Amino acid sequence: RFSEKVENLLNQLKDLFVDECSRNIFNIEDEDKIEAARSTIQLKVDELHKEYNDSTFEQMTKNFAMPIKSVVASLSKPDLAAMAKSLVNLTSMKKKLSMGQETVGGPIDVALISKGDGLIWIDRKHYFDQERNPHKVAKYYR
């Protein structure tokens with residue numbers, strides 16, 4: 001994932017920065033003093049990294065997640081069902097266009113479950129054509 005790659009790069013950058021600072025900037029020869037400087041710098045860098053992560057998460061929540069949540073909270077039941085079907089279709093299209101394995105696709109069943117109405121099928125694929133399977137229909141209605 002993208003966020004994991006960014007996090008890995010930041011960690012590599014932190015390690016490189018701490019090593020550079022503790023060894024070269026202060027021109028320290030004594031290994032004990034290098035380690036003490038390294039620990040002090042590492043604490044500060046970790047603190048800055050945490051602030052960066054917290055700030056990034058706050059901005060992502062504020063600018064991306066909250067607007068979507070507020071819109072979804074105000075949708076009607078049919079619109080929620082249509083949105084669910086659209087999200088599955090988008091995921092299916094993404095999988096088709098990517099190099100990975102297609103794990104989503106085909107006809108989509110959409111049902112709405114509410115406290116008052118229970119389960120209501122909005123869009124349901126048919127597993128067989130009734131005209132081609134009259135014996136199944138006759139048996140079902142017998």
Check on Asp46, part of a helix (DSSP H, G or I) and under 30 Å from Ile108 (Cα atoms):
no
Complete set of residues in region 91-142 that are in a loop (DSSP other than H, G, I, E, B), of a type in the set (S, T, N, Q) and open to solvent by less than 90 Å² (accessible area, probe 1.4 Å):
Ser98, Asn133
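With the condition kept exactly as written, say whether any residue in region 28-45 is among the charged types (D, E, K, R) and under 18 Å from the mean Cα position of the chain (by Cα).
no
I'm trying to understand the selection: among the residues of region 24-76, which are among the basic types (Lys, Arg) and open to solvent by 90 Å² or more (accessible area, probe 1.4 Å)?
Result: Lys33, Lys44, Lys50, Lys62, Lys69.
Residues checked against (1) modelled with pLDDT of 80 or more; (2) in contact with a Pro (Cβ under 7 Å, 6 or more places away or on another chain); (3) under 29 Å from Gly100 (Cα atoms):
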site: Lys5; (1), (2), (3): yes, no, yes
site: Gln12; (1), (2), (3): yes, no, yes
site: Phe17; (1), (2), (3): yes, no, no
site: Asn27; (1), (2), (3): no, no, no
site: Ile41; (1), (2), (3): yes, no, no
site: Val45; (1), (2), (3): yes, no, no
site: Ser55; (1), (2), (3): yes, no, no
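So that you can scan it fast, the table gives a plain yes or no per residue for (1) touching a strand residue (DSSP E or B) at 6+ places or on another chain (Cβ under 7 Å); (2) of a type in the set (S, T, N, Q):
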| position | (1), (2) |
| --- | --- |
| Gln42 | no, yes |
| Glu47 | no, no |
| Asn53 | no, yes |
| Val88 | no, no |
| Thr91 | no, yes |
| Leu112 | yes, no |
| Lys115 | no, no |
| Lys136 | no, no |
| Tyr140 | no, no |
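The values are calculated or read from the model by the stated rules, or taken from the named source; none is laboratory data. As the structure is a prediction and not an experimental result, all values here were calculated from the model. Note: ideal-geometry Cβ built from the backbone for every residue, glycine included; neighbour counts use all protein chains shown. The area values use the complete protein model at the heavy-atom level, side chains included, leaving out ligands, DNA and RNA. Shrake-Rupley method; radii C 1.70, N 1.55, O 1.52, S 1.80 Å.
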